[in-house]
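First up is the structure itself, then whatever we jot down about it.
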Ligand SMILES: [Zn+2]
Ligand SMILES: [Zn+2]
């Protein structure tokens, strides 16, 4: 027990020091400045070559989503996630140790070349996320949390990170165990995470990007806008892809009936959905 308390305290102080040094020392291995840089690049493109020409550069909910971006990416980690995940990793290792297991590595991935390791991890993680995203749409209580992301009515890059912090917990905890069992370490996540942020920003951007024939592999704005469409061909939604679109084509959940540039976004009753960060955070718990 004392051991876990120490983990909690160390996680907080460790993360705080990390956060301060991230902001103070820009560099290539730095989440904070990568997020700022990628956001500026996509925002600039939205201003120069917008898909919906009439949309303001400071679109509806621009500042709300900017806040979500920093909250979900940094502050939530600071407040809770870093601690929760450190405790979870220890619980998981203690649990394994109780059965006399030390290293649950199923495949010797650490000996693979870096590119093969990263590519495999990227594809597996994305497939797990695609499944979690489907769950968010099918399980009623999960949908109440996921509605925050679907309350976006005008798309722009920052809408990517408008989601309830419960999603971070669901995605990371479900994802962590299978990835750890294959032998991927947390330190392997950096590049993959940056690539996923870039693709995710583009998916939500006011840019018309389709990647040509690569659209069957990579998710894109022309496809993801239909995931946010208010009127859907079924109850549970379409185009669940996160970074890759290939799962939607394989499992027949892909849907692009026409150019979705001016499609109405949201869900039934989105007009009555809470409008502020605090209200949106409390909303699913009241439900
Ligand atoms: Zn969704
Ligand atoms: Zn989205």
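Every number here is computed from the coordinates shown, using simple stated rules; none is lab data. All values reported here derive from a predicted model rather than from experimental measurement. For neighbour counting, all protein chains shown are included, and Cβ atoms are generated from backbone atoms with ideal geometry for every residue, glycine included.
Each label was represented as a point 7 Å from its Cα along the Cα-to-Cβ direction; for residue 263 and residue 23 these points are 3.8 nm apart.
Could you work out the relative contact order of the chain, using alpha carbon pairs under 8 angstrom and six or more residues apart, expressed as a whole percent?
21 percent
Each of 253, 276, 235, 120 was scored by other Cβ atoms within 10 Å of its Cβ. Arranged with the fewest first, they read 235, 276, 120, 253. Springs between Cα atoms under 10 Å define the GNM used for the chain, and in it the highest mean-square fluctuation of 158, 116, 196 occurs at 116. The distance from the alpha carbon centre of region 9-75 to that of region 253-280 is 23 Å, rounded to a whole number.
Among 206, 234, 17, the largest mean-square fluctuation in a Gaussian network model of the chain (Cα springs under 10 Å) belongs to 234.
On a per residue basis, the convex hull of the C-alpha atoms belonging to region 181-231 measures out at 128 Å³.
Helical runs assigned H by DSSP (4 residues or longer) give the chain a calculated mean residue ellipticity at 222 nm of -18000 deg cm²/dmol, each run adding -39500 (n - 2.57) before division by the residue total. Expressed per residue, the C-alpha convex hull volume of region 172-275 stands at 154 Å³. Axis angle, to the nearest 10 degrees, between helix 2-24 and the longest C-alpha principal axis of the chain: 50 degrees. Past the 29 angstrom mark, what percentage of all C-alpha to C-alpha distances in the chain do you count? Summing the P(r) tail past 29 Å for the chain gives 37 percent. The angle between the Cα long axis of helix 277-286 and the longest principal axis of the Cα atoms of the chain comes to about 70 degrees, rounded to the nearest 10.
Figure legend: label point modelled 7 angstrom from the Cα of residue 138 along Cα→Cβ; residues of region 236-266 with amide N under 12 Å from it are 236-237.
Can you give me the angle between helix 140-150 and the longest principal axis of the chain, using Cα atoms only, in degrees from 0 to 90, rounded to the nearest 10? Taking Cα atoms only, the helix is inclined about 60 degrees. Our Cα-only numbers for region 232-287 put the radius of gyration and Dmax at 14.9, 38 Å. Spin-label model, residue 41 to residue 230: label points 7 Å out along the Cα-to-beta-carbon direction sit 3.4 nm apart.
Taking 210, 231, 13 as the candidate residues, the one with maximal mean-square fluctuation in a Gaussian network model of the chain, Cα springs under 10 Å, is 13.
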